[in-house]
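The values are calculated or read from the model by the stated rules, or taken from the named source; none is laboratory data. None of the values given here were measured: they were computed from a predicted structure. Cβ: placed from backbone, ideal geometry, glycine included. Neighbour counts: every protein chain shown. What goes into the accessible areas is simple: the full protein's heavy atoms, side chains included, and nothing from ligands, DNA or RNA. Shrake-Rupley method; radii C 1.70, N 1.55, O 1.52, S 1.80 Å.
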Amino acid sequence: QVQLVESGGGLVQAGDSLRLSCAASRRTFSAYAMGWFRQVPGKEREFVAAISGSGGSTGYADSVKGRFTISRDNAKNTVFLQMNSLKPEDTGVYSCAARTVSMWYPGERRYDYWGQGTQVTVSS
């Protein structure tokens, strides 16, 4: 079992930055790929970014490429999502997820554990 706890969300203006964190309880954190997803009411949860267990491979949704950066600190069992140049359409509940294999995947169904999520609101 892996427990994931997100933090760092908030209300910001368009163009601002936020850094989300996700702390994992699992000691073998480096064996797990991690992903960030977001959801707004009435829409399906969508893939944002993901990173392999070692941190050597990353992937991004087209809508966030060049603005968001995913990273991880395996010594601290934490994954981060640095979000720059935020837009109103980035608003949503951001959740981190863990996959019990080391390679990331851009689809929520391949992830086994989920955090509760943190709200990000970007005003225009």
Query raised in the report: Regarding residue 30, is this residue among the hydroxyl-bearing types (Ser, Thr, Tyr), surrounded by fewer than 18 Cβ atoms within 10 Å (Cβ to Cβ) and closer than 21 Å to residue 124 by Cα?
Result: no
Report task. Given the conditions (1) surrounded by fewer than 18 Cβ atoms within 10 Å (Cβ to Cβ); (2) within 24 Å of residue 1 (Cα to Cα); (3) in contact (Cβ under 8 Å) with a residue 24 or more places away in the chain; (4) among the hydroxyl-bearing types (Ser, Thr, Tyr), report the number of the one that residue 71 does not fulfil. Result -> (3)
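Does segment 79-96 contain at least one residue that is under 20 Å from residue 124 (Cα atoms), acidic (Asp, Glu) and not in a loop (DSSP other than H, G, I, E, B)? Even if it seems obvious, please write down each step before you answer.
Looking only at segment 79-96, we keep the residues that are under 20 Å from residue 124 (Cα atoms), and these are 82-94.
Next, only the ones that are acidic (Asp, Glu) stay: 89-90.
Cutting the leftovers down to not in a loop (DSSP other than H, G, I, E, B) gives us 89-90.
Yes: one or more hits.
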Query raised in the report: If you take the residues of segment 1-24 that are more than 15 Å from the chain's Cα centre (by Cα) and surrounded by 13 or more Cβ atoms within 10 Å (Cβ to Cβ), which of them is nearest to residue 118 (Cα to Cα)?
Result: 12
Report summary line: Checked against (1) open to solvent by 20 Å² or more (accessible area, probe 1.4 Å); (2) within 14 Å of the chain's Cα centre (by Cα), residue 38 satisfies every condition except (1)
Report task. Only one of these is closer than 17 Å to residue 18 by Cα, of a type in the set (Gly, Ala, Ser) and in contact with a helix residue (DSSP H, G or I) (Cβ under 9 Å, 6 or more places away or on another chain): 85, 63, 54, 71. Name it. Result -> 63
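Conditions (1) surrounded by fewer than 18 Cβ atoms within 10 Å (Cβ to Cβ); (2) in contact with a Leu (Cβ under 7 Å, 6 or more places away or on another chain); (3) among the hydroxyl-bearing types (Ser, Thr, Tyr); (4) in contact (Cβ under 8 Å) with a residue 12 or more places away in the chain, marked per residue:
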| site | (1), (2), (3), (4) |
| --- | --- |
| 49 | no, yes, no, yes |
| 77 | no, no, no, yes |
| 87 | yes, no, no, yes |
| 95 | no, no, yes, yes |
Requested in this report: Consider only pairs whose beta carbons are under 6 Å apart and that are at least six residues apart or on different chains; among these, list those whose first residue lies in segment 55-67 and is assigned to a loop (DSSP other than H, G, I, E, B) and whose second residue is of a type in the set (Gly, Ala, Ser).
Outcome: 67/85
Query - Hey, residue 16 out of contact with any helix residue (DSSP H, G or I) (no Cβ under 9 Å at 6 or more places or on another chain), touching a residue at least 12 places away in the same chain (Cβ under 8 Å) and of a type in the set (D, E, K, R) or not - result: yes
Query raised in the report: Would a scan of segment 20-36 turn up a residue that is at pLDDT 95 or above and of a type in the set (Lys, Arg)?
Result: no
